[in-house]
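Take a look at the structure set out below.
The values are calculated or read from the model by the stated rules, or taken from the named source; none is laboratory data. Computed from a predicted structure; not experimentally measured. Cβ placement follows ideal geometry from the backbone for every residue including glycine, while neighbour counts extend to all protein chains displayed.
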Amino acid sequence: MSFFISSNVNAQSAFTGIENLFTEPKSYTLYNSKTPLKIDGELNEKAWLESPWSDLFVDIEGNLKPAPANKTRVKMLWDEKYLYIAAQLEEPHVWANKRPEKDIIFRDNVFKIFIDPDNNMNDDFEIQINPQNNMLFLIMNKPYRDGGVPVSGWEPIGYKSAVKINGTINRSEDTDNGWTAEIALPLSAFSFNPKDAKQNTRFRINFLRTNFDFTVKDGVYSKALDNTGKAFPPHYACWTSQGIINMHYPERWGYTIFSENPASDKGESFLLPYSEKQRKYLWLAYYKQKEYFKKNKKYALSLNELNVPESDILIDGKKNTLHLEANSRQFLINIKEEGSTSTISLDQDGLISN
């Protein structure tokens, strides 16, 4: 990545060993549906048929791991009121826990949506749906890694969802093709307006598919257990790789752009903003600080202790400078382009401020 090149030798060497956290996330252009969509799991409206599918999902850690056994892909649209999401999940055995309680769906096979509507890496949303069309909604005040606490009981007013099974659910005697989820999420639930130019490209999103190994006894599916009686770890597939087995790294989520055009026009694509290239150095210092704290029970007081460059950081040919303010329990990292009055900062809670 050319924006890592600097006259300071540490600008390249500082990323050694954590390159998996700095691959560029994927992006998706959401086209406008000129008419409201019927949420029935069919995806047969003109707008859906013309909107592009995403790339097939990859392992959560990235392309260095084998491709997931079952294919998954998504597509998205929007209109004045809703963000529309459709997911197509290949699955030869569609099963779900037969208990209807919503709070248990995350323990079985599930499709998850992660949203940061303002790209500040805090106050994020998690939405889950299973093949029975049960849903679970959570809000995170900040990621778990920074002491975040999930808040349940939130449910966006006016949301719609549907699931279509291409096969039969919870029937072990046959082979299925998979299932499709179609969801309409009110944009107002995220305080997001795609027509606001300042908001338009800040909407970050990622998707996760969780699949457990299973056994069948007397025709009933259940999770396969190891010799200690615990379920085997699930298989994780996501749209854009996290680089780590943890979805709560919102800086790794995908980018979006909301186009006013219908899907038939296409042509509009996302371009990585200069500020996102600057942020990579903030995250470099953040990761190093967290690792330092883990080893020393306190934060470093200088970037030099972290092997992170401070000056002459070249981004698109422009010099940038990093600055760290810290004590043993808190820190604030700033990046600023030479000659500019604007800065971007990142604190110990992973909160980005412009």
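Show the residue pairs meeting these rules: Cβ distance below 7 Å; 6+ apart or different chains; first residue within region 204-223 and over 21 Å from GLN242 (Cβ atoms); second residue β-branched (Val, Ile, Thr) and surrounded by fewer than 21 Cβ atoms within 10 Å (Cβ to Cβ).
Close Cβ pairs satisfying both conditions: SER222/THR215.
Report whether or not SER259 is of a type in the set (Ser, Thr, Tyr), exposed (fewer than 14 other Cβ atoms within 10 Å of the Cβ) and farther than 21 Å from ILE105 by Cα.
In short, no.
Just checking, how many residues over region 140-162 are farther than 15 Å from SER188 by Cβ and not hydroxyl-bearing (Ser, Thr, Tyr)?
Within region 140-162, residues that are farther than 15 Å from SER188 by Cβ and not hydroxyl-bearing (Ser, Thr, Tyr) number 13.
From the set of residues in region 175-213 that are charged (D, E, K, R) and out of contact with any Ser or Thr (no Cβ under 6 Å at 6 or more places or on another chain), which is nearest to MET76 (Cα to Cα)?
Taking the candidates together, the pick is GLU182.
Need at least 3 residues that are touching an Asp or Glu at 6+ places or on another chain (Cβ under 6 Å) and surrounded by 15 or more Cβ atoms within 10 Å (Cβ to Cβ) per element, so show me which strands (runs of 3 or more DSSP E) inside region 275-351 make the cut, counting only ones lying wholly within it.
Here the list reads 318-326.
Could you please find all residues in region 219-243 being over 26 Å from LYS75 (Cβ atoms) and of a type in the set (Val, Ile, Thr)?
VAL220, THR228, listed by residue number.
For region 257-265, state whether one or more residues are within 21 Å of the chain's Cα centre (by Cα), outside any loop (DSSP other than H, G, I, E, B) and in contact (Cβ under 8 Å) with a residue 12 or more places away in the chain.
Narrowing region 257-265 to residues within 21 Å of the chain's Cα centre (by Cα): 257-259.
Subsequent filtering for residues that are outside any loop (DSSP other than H, G, I, E, B) retains 257-258.
Still in the list and also in contact (Cβ under 8 Å) with a residue 12 or more places away in the chain: 257-258.
Yes, region 257-265 contains a residue that is within 21 Å of the chain's Cα centre (by Cα), outside any loop (DSSP other than H, G, I, E, B) and in contact (Cβ under 8 Å) with a residue 12 or more places away in the chain.
So, restricting to strands (runs of 3 or more DSSP E) that lie completely within region 71-187, which ones have at least 2 residues that are among the basic types (Lys, Arg)? It would help to see each step written out before you state the result.
Numbers: elements: 72-78, 82-90, 110-116, 124-129, 135-140, 160-166, 178-186.
Those strands (runs of 3 or more DSSP E) span 72-78, 160-166.
From ALA263, ALA326, ALA300, ALA285, which residue is modelled with pLDDT under 95, of a type in the set (A, V, I, L, M, F, W, C) and not assigned by TED's automatic domain parsing to the domain that holds ARG202?
ALA263
Tally the residues that are in a strand (DSSP E or B), in contact with a helix residue (DSSP H, G or I) (Cβ under 7 Å, 6 or more places away or on another chain) and either outside the structural domain of PRO131 (by TED's automatic domain parsing) or farther than 24 Å from ILE129 by Cα (or both), restricting the search to region 188-231.
0
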